[in-house]
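Derivation of every value follows stated rules applied to the coordinates shown; laboratory data play no part. As the structure is a prediction and not an experimental result, all values here were calculated from the model. A quick note on method: Cβ atoms are made from the backbone with ideal geometry, for glycine too, and the neighbour counts reach across all protein chains shown.
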Amino acid sequence: MPLLLRHGIRFSVFLAVVLALAGCLREQSRISFPANWPYSADEAPVMAQAGMVVSTDEYASAVGSEVLKAGGNAVDAAIATSFALAVVNPEAGNIGGGGFMVVRLADGTTAALDYRERAPLAASRDMYLDEAGELSEASTVGHLAVGVPGVVAGLWEAHRRFGTLEWQALVDPAIELAEGFVVRERQARQLRMAGENLQIFPATAATFLPGGKAPGVGETFRQPDLAATLKGIGLNGRDGFYLGSTADLIVAEMERGGGILTHEDLARMEAVWRDPVEVAYRGYRLISMPPTSSGGATLAAMAKILEGFDLGSLEYHSAGHVHLLAEAWKRAYADRNTYLADPDFVEIPVDRMVSEEYGAERRATIDLDRATPSLEVGPGLGPADDGETTHLSVVDASGNAVSITTTINSFFGSKVTVEGAGFILNNEMDDFSGRPGYPNQYGLVQGEANAIAPGKRMLSAMTPTIVVNPDGELLLVLGSPGGATIITNVFQQISNVIDFGMGVRQGLNAPRIHHQHLPDEVQYEPGSLTPEVMAALEAMGHTMDERIRTGDVYPYIGDVQAIMRLPDGSLAGASDHRRGGAAVGH
Ligand code: GLY
């Protein structure tokens, strides 16, 4: 078996530099995809010279691109794109949710902003347990599932620190879209897929099923209540959401539906600057989001385990390659699920988890020929699922870069729309360990550290990330939706580029797999692995689980939005075809 366990990294650093440079110069590598795989290995990315925005929606990317053309920097463009996503991607990118932003300025300054939702002050540890001690549906659907939204506080704080254009100018394009936009295929599909979910609460039906049906392609979708909310935010900034009439509408909605979020919760919401997680991977630097997201720390832990294997020497998606990924990921997720949580409430061992020494320790427990059962790595059981999250990546003409992932958690969040305010509220409370040791909706089995407490932020998997090449220059800006799969989606794109020399488009088009420790199975996209590879993996002791579309769940894994800076300074952008966003540059 051509696996080389390397104790030093000098050769692999050299190899990776050679491979990545080769990958930058060609837009695709030697890698081919399985015969029945739907995406091409040869497709070209979108190219730009002066700036680029890639997001989960074409309208939103165009809004950000216009801001760049008007002289705004990457943070300005990211703010405008975020607000636009709140309008055109309401199932995922919403001012009723929370998010994380990673920034790297052209001078090398890095920053990470945590605007994750928080548990309301009236929340309690066992609030979702029924009389039998089982987790109830209340953590996922309805008013009790709602965490205090953080998006407006986050965008306001990012603008205060880094913005250059007027705040109002960054909200205006979203107001215009809320007043009416022509529905395209992606939006029509998402509304169609939501089906009966949009009929649970009357204000949601009134907002998203005008005249009793979801707007179809070519129809104009108007959201007047949302436009009014955005006007308040444009005029009054943060306070336009957390105080005044919008706050009154949110609290009235809570009172109507038995929720516990109060004016005090809203008034106290604030975004927090944190130090990004930064680690080396084969000479490259990964800059990502620290807790309250688990994304950066878990990504870094995976990188530290896998850095000791020469992945690039393996056949892409051979049994040996998939085995190593799955074994490293299950170990990293076991630690994530046990230890990570809101750092303002719990002591968490991030430094140790991402260290060389710990990576080597974990790597040494990997058997190159046999799968280690997850129960020998850590505790728990359950199924896995995708979430409704959205991502945007921006690079401006100066080389400033921003990576933002936001979420309302499930598809259309809690399904609750704030009556009169026109936006969906999150169901982020399910990202806590509502019952420690038992699975949440993603099948993630999380521990005591992430138990519910008043004012605490729930652990996330969101992984907005920026990668710098060995010369200290920007290489990649990326992130993805995908619930528990977000971290492995981001890792695969990084490894596709660094280890396998793929270009940005080819990397996104490549088939994806996933392992999250529990359930103990390698999930794979339909058509992504050959029958021979699957048989070899099963013989090694892996349980294989094909992603199958059920209801509103996608059969594919993730929806990566990425920009890659090429050696000549031009920008190559790609939005995943899996759900259908867009790269827009100039
Ligand atoms: N709601 C998905 C996440 O934050 O990981």
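When the Cα atoms of the chain are enclosed in a convex hull and the volume is divided per residue, what value in Å³ results?
On the way: hull volume 74.3 nm³, N = 586.
Cα-based convex hull of the chain, divided per residue, equals 127 Å³.
Region 53-128 and region 201-219 have Cα centres spaced 25 Å apart.
For each of TRP37, TRP273, count neighbouring Cβ atoms within 10 Å of the residue's Cβ, then give the residues from fewest to most. Let's see the in-between values first.
On the way: TRP37 18, TRP273 13.
Taking fewest neighbouring Cβ atoms as first place, the list is TRP273, TRP37.
Label point of ARG256 set 7 angstrom out along Cα-Cβ; within region 409-442, amide nitrogens under 18 Å from it belong to 413-427.
Annotation: extensible slack from ALA50 through ASP239 equals 64.6 nm (criterion: 0.36 nm per residue apart, minus Cα-Cα distance). Would you mind counting up the charge near PRO224? Only other residues with Cβ under 11 Å from its Cβ, with Lys and Arg at +1 and Asp and Glu at -1. Net charge in that neighbourhood comes out at 0.
Fewest first, what order do HIS514, HIS542, HIS577 take by the number of other Cβ atoms within 10 Å? Kindly include the intermediate steps, with their values, before the conclusion.
Numbers: HIS514 27, HIS542 21, HIS577 16.
Exposure proxy ranking, most exposed first: HIS577, HIS542, HIS514.
With Cα atoms defining each centre, region 244-320 and region 427-499 are spaced 5 Å apart in the structure. Relative to the longest principal axis of the Cα atoms of the chain, helix 58-69 runs at roughly 90 degrees.
Rank these for me by crowding, LEU566, LEU144, LEU459, LEU230, going from fewest to most other beta carbons within 10 Å.
LEU566, LEU144, LEU459, LEU230
Here's the picture: charge each Lys and Arg Cβ at +1 and each Asp and Glu Cβ at -1 in the chain, and of THR110, LEU474, ALA267 the one pushed furthest to the positive end of that dipole is LEU474.
Could you calculate the contour length gain from GLU347 to ASP568, that is, 0.36 nm times the residue separation minus the distance between their Cα atoms, to one decimal place in nm?
Stretched out fully, the GLU347 to ASP568 stretch lengthens by 75.2 nm.
The label-point distance for ARG30 and GLU473, in a model that sets each label 7 Å from Cα toward Cβ, rounds to 2.5 nm. Angle of helix 10-25 to the longest C-alpha principal axis of the chain, folded into 0 to 90 degrees and rounded to 10: 60°.
Sketch the reach of a paramagnetic label on HIS586 as a point 7 Å from Cα along Cα-to-Cβ, and name the residues of region 56-78 whose backbone nitrogen lies under 18 Å away. Those under the cut-off are 58-78. Given their separation in residues at 0.36 nm each and the Cα-Cα distance between them, ARG189 and GLU448 gain 89.4 nm when the chain is fully extended.
Helix-only mean residue ellipticity at 222 nm, the chain, DSSP H runs n ≥ 4 weighted -39,500 (n - 2.57), per residue, nearest 500. What is it? Result for the chain: -10000 deg cm²/dmol, rounded to the nearest 500. Label positions at ASP369 and THR109, each projected 7 Å from the Cα along the C-beta direction, are separated by 5.6 nm. Label 7 Å along Cα→Cβ of ASP275; region 290-325 residues with amide nitrogen under 20 Å? The answer is 290-304. Relative to the longest principal axis of the Cα atoms of the chain, the long axis of helix 319-339 lies at roughly 50 degrees. Inter-label distance, THR220 to GLU137: 3.8 nm, where each label sits 7 Å from its Cα along the C-beta direction.
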